[in-house]
Amino acid sequence: MFDIDKLIRENIRRLQPYRSARDEFKGEAQVWLDANENPFESGLNRYPDPMQLALKEKISTIKKVRPQNIFLGNGSDEAIDLLLRAFCVPGRDRIMLFPPTYGMYTVSAAINDVAVVETPLDDDFQIPVEKVVPRLSDERLKMIFICSPNNPTGNLIPEAQIRALAQNFRGLVVVDEAYIDFARSDGMLPRLTEIPNMVVLQTFSKAWGMAGIRLGMAFAGEAVITVLNKIKPPYNVNGLTQKAALAKLDRLGGKAEEIHRLIRERDGLQRELQKLPVVIRVFPSDANFLLVRFTDAGGIYRQLAQKGVVVRDRSKVVPGCLRISVGTKKENQRLLEELKALT
Ligand SMILES: *Cc1c(COP(=O)(O)O)cnc(C)c1O
């Protein structure tokens, strides 16, 4: 049912990609005179590997996905933008979202002049699959974006729902797993080879603790990865980022320990918040944040901000709700103290 040649934009299919100096020659050289670089060594005077092979090898081992099935970008945001550019004809094609969800999908679609069709999540923040399936036959619908665990609601979308949608769609199912390391699930990556029209997005920005380096990962079948590589800027992942990520991947123990602590903090914060009279409900979370319904979200947001404690006001997308990232023990205690002082 999934045929990438029918899905890809005609101009992208015809495109002859730019070939950088480092694409033309691969191998060991003694003298590099091919890229007009400054020859004086500074550790950064050379262009970085355009295909980030060393980094992909390491990620491949950790994620158990072949390097040919990995795309690396300047944040997940770059992968989202490139997917839209590769598969959606501006002014014609559409994507489907399940709000409330991550805001970048809408912004990136708008930048690319791609229309957005919305099917709201139900009261338990799940996808109403039976309502969605009949809408998937739309000729111009090219992609659906599923965020799991979802931002800002914090819940996982069950594998069975994702499978059902993928099976009934000839377009791409993009599953954004930015928060999967905090979840009680391995997510969809182990199913990558079984679902040919699925793209899984992950990132170094959350559990890896490296939001500052801007590194996002997209995992998909080789045909989709080839298209993304074809249209990306040649050196989209810079040399500093590649070095920092390689170093981080050699220190895996630190990450597991941090995730463990954050999950413990999340569960403690959930219990404490629930006791406060200003809190109506703390929604269950499989991420490193909590969605909390307050008696007066706007007022509490402003009062917290005045005390120097900044949370995210999501009351426009989920009525009465603030989204609170899980911080260190000290930061979480400070938040609770400020909230208690309000009541
Ligand atoms: C934070 C977040 C990302 C991360 O984006 P980067 O560009 O990789 O920093 C992606 N998706 C969701 C849903 C997020 O909340």
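Among the residues that make up region 252-262, is at least one of them of a type outside the set (K, R) and in contact with a strand residue (DSSP E or B) (Cβ under 8 Å, 6 or more places away or on another chain)?
There is no residue in region 252-262 that is of a type outside the set (K, R) and in contact with a strand residue (DSSP E or B) (Cβ under 8 Å, 6 or more places away or on another chain).
Can you name every residue in region 43-61 that is over 16 Å from V31 (Cα atoms), open to solvent by 70 Å² or more (accessible area, probe 1.4 Å) and either in contact (Cβ under 8 Å) with a residue 40 or more places away in the chain or not in a helix (DSSP H, G or I) (or both)?
Answer for region 43-61, where residues must be over 16 Å from V31 (Cα atoms), open to solvent by 70 Å² or more (accessible area, probe 1.4 Å) and either in contact (Cβ under 8 Å) with a residue 40 or more places away in the chain or not in a helix (DSSP H, G or I) (or both): just L44.
Please report, ordered by residue number, the strands (runs of 3 or more DSSP E) entirely within region 91-182 with at least 2 residues that are among the polar types (S, T, N, Q), under 17 Å from L7 (Cβ atoms) and in contact with a strand residue (DSSP E or B) (Cβ under 8 Å, 6 or more places away or on another chain). Steps first, answer last, please.
Details: elements: 94-97, 115-118, 141-147, 172-176.
Qualifying strands (runs of 3 or more DSSP E): none found.
I'd like to check something: does region 187-194 contain any residue that is outside any helix (DSSP H, G or I), on the phi < 0 side of the Ramachandran plot and in contact (Cβ under 8 Å) with a residue 60 or more places away in the chain?
No.
Looking only at region 265-285, which residues are assigned to a loop (DSSP other than H, G, I, E, B) and open to solvent by less than 30 Å² (accessible area, probe 1.4 Å)?
L276, V278, F283, S285
Of the residues that make up region 208-216, is at least one open to solvent by 10 Å² or more (accessible area, probe 1.4 Å) and β-branched (V, I, T)?
yes
How many residues does region 297-318 contain that are farther than 18 Å from P277 by Cα and surrounded by fewer than 14 Cβ atoms within 10 Å (Cβ to Cβ)?
Matching residues across region 297-318 total 5.
So which residues in region 239-264 are part of a helix (DSSP H, G or I) and open to solvent by 80 Å² or more (accessible area, probe 1.4 Å), if there are any at all?
Listed by number, the residues that qualify are L240, K243, E257, E258, H260, R261, R264.
Y235 is checked against (1) in the same structural domain as E337 (by TED's automatic domain parsing); (2) part of a loop (DSSP other than H, G, I, E, B) and fails just one. What number does that condition carry?
Every listed condition holds for Y235 apart from (1).
The values are calculated or read from the model by the stated rules, or taken from the named source; none is laboratory data. Nothing here was measured: the structure is a model prediction, and the numbers come from that model. Don't worry about glycine lacking a Cβ; one is built from the backbone with ideal geometry, like all the others, and counts go over all protein chains shown. Each accessible area value is taken on the protein alone, full model and side chains, heavy atoms only, with ligands, DNA and RNA left out. Shrake-Rupley method; radii C 1.70, N 1.55, O 1.52, S 1.80 Å.
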